[in-house]
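The values are calculated or read from the model by the stated rules, or taken from the named source; none is laboratory data. Since the model is a prediction, treat every value here as computed from it, not as a measurement. Cβ sites come from the backbone with ideal geometry, for glycine too, and all protein chains shown count toward neighbours. These area figures cover heavy atoms from the full protein model, side chains too; ligands, DNA and RNA do not enter into them. Shrake-Rupley method; radii C 1.70, N 1.55, O 1.52, S 1.80 Å.
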Amino acid sequence: MVDPTISIVAPLFNEQQTLPELYRRVSEVMNSTGETWELLLVDDGSTDGSTEYIKQLAHQDRHVKPVIFARNFGHQLAVTAGLDFSRGQAVVIIDADLQDPPEVIIDMIKKWREGYEVVYAVRSKREGESWFKLMTASIFYRMIYRITDVKIPLDTGDFRLLDRKVVNVLNSMRERHRFLRGMSVWVGFRQTGIEYTRSARYAGETKYPFKKMFKFASDAITSFSYLPLQLATYIGFISASLAILAIPVVIILRQSGSQAFFGQATTLIAVLFLGGVQLISLGILGEYIGRLFDEAKGRPLYIVRESPKDFPD
Ligand code: UDP
Ligand code: MG
């Protein structure tokens, strides 16, 4: 098959229940556009039969290209693999759980044809998600916006269209702890957003438990900001200044016979506070050093058991 114009990349982890509907809706939308297309289904170590389903689908329909991981590597790496294997002139990243409506792709392609190289989708509304998810997500996007230099548009996910030029640049950035929505802003190019309503999951439940969300957030922050490292310096300056100011205050109070600042409790509080701050700073250093260590090892970002080459073209 000659290279398609549009590649759709859908990372998935145990999404057996939604896959038939995803395939149906993506095919319907893509066939209506009249573009040539491929659907890269990146199986991130599923154990629920998704793998078998994808393989079967690939034998029935040549639009479907499986990328099957040797184990679970995580959402961002699954998307990375999809970008690596994609051949289209434009690549659309979409969640496999149908929270990102495939119909929006039609508008994305329109914008792309107008000359935009990144078309990201902004969630103007989110349906069917817990208040906890909404709150943490909202805080996260606003914090990232404030503390990093890349101005990632608020409330955008990975649902976006990327021109081949952008995909090639992203594919050359082999950093291990990936925050793709940051990276795709960092590269520049002509970018625009379109609004959409984020639906509820079609079936199943979120594959992003709190632990993964936390890792995702710390990857995002450490990849794009030094602020946590600088925090130790700031707190150090503040507490040193406070200490200097405190010296004359304590002397004067003691001279005037006051009972303030006597006893163990005050000392203990000061020692515990500073000890805590020092441990937190060490931990933050550790986060960065651990990531450096990972980069230094230079292992592959993901391991593929079966790639599109193993399926009919
Ligand atoms: N996903 C994945 N690997 C993982 C976790 C999630 O490929 O380790 C996929 C998942 O199947 C879905 C997408 O990434 O297609 C987004 O995950 P999810 O819908 O669970 O996250 P949420 O929308 O709840 O933030
Ligand atoms: Mg989801």
Pick from the range 155-193 the residues that are assigned to a strand (DSSP E or B) and in contact with a Phe, Trp or Tyr (Cβ under 8 Å, 6 or more places away or on another chain): which of them is nearest to ligand 2 (Cβ to nearest atom)?
F159
The range 250-271 - residue that is in a helix (DSSP H, G or I) and open to solvent by 100 Å² or more (accessible area, probe 1.4 Å) and, of those, farthest from V187 (Cα to Cα)
Q255
Candidates V150, V119, V169, filtered to the one that is crowded, with 21+ Cβ neighbours inside 10 Å and either in contact (Cβ under 8 Å) with a residue 40 or more places away in the chain or closer than 23 Å to F224 by Cβ (or both):
V119
Being more than 16 Å from ligand 1 (Cβ to nearest atom) and either open to solvent by 50 Å² or more (accessible area, probe 1.4 Å) or out of contact with any helix residue (DSSP H, G or I) (no Cβ under 8 Å at 6 or more places or on another chain) (or both) narrows I194, I247, I221 down to just I247
Assuming K65 fulfils every condition listed in (1) surrounded by fewer than 20 Cβ atoms within 10 Å (Cβ to Cβ); (2) more than 14 Å from ligand 1 (Cβ to nearest atom) apart from one, which condition is it?
(1)
Is it true that some residue in the range 91-102 is open to solvent by 40 Å² or more (accessible area, probe 1.4 Å) and modelled with pLDDT of 95 or more?
no
May I ask you to verify whether E114 is within 27 Å of E28 (Cα to Cα) and out of contact with any helix residue (DSSP H, G or I) (no Cβ under 8 Å at 6 or more places or on another chain)?
yes
Checked against (1) without any contact (Cβ under 8 Å) to a residue 60 or more places away in the chain; (2) touching a Phe, Trp or Tyr at 6+ places or on another chain (Cβ under 9 Å); (3) among the hydrophobic types (A, V, I, L, M, F, W, C), F140 satisfies every condition except (1)
Output for the range 201-212, where each listed residue is open to solvent by 40 Å² or more (accessible area, probe 1.4 Å) and either not in a helix (DSSP H, G or I) or not charged (D, E, K, R) (or both)
R201, Y202, G204, E205, T206, K207, Y208, P209, F210
Mind listing just one residue for me: the one in the range 36-56 that is crowded, with 17+ Cβ neighbours inside 10 Å and away from ligand 1 (no atom under 16 Å from the Cβ) and, of those, nearest to the chain's Cα centre (by Cα)?
E38
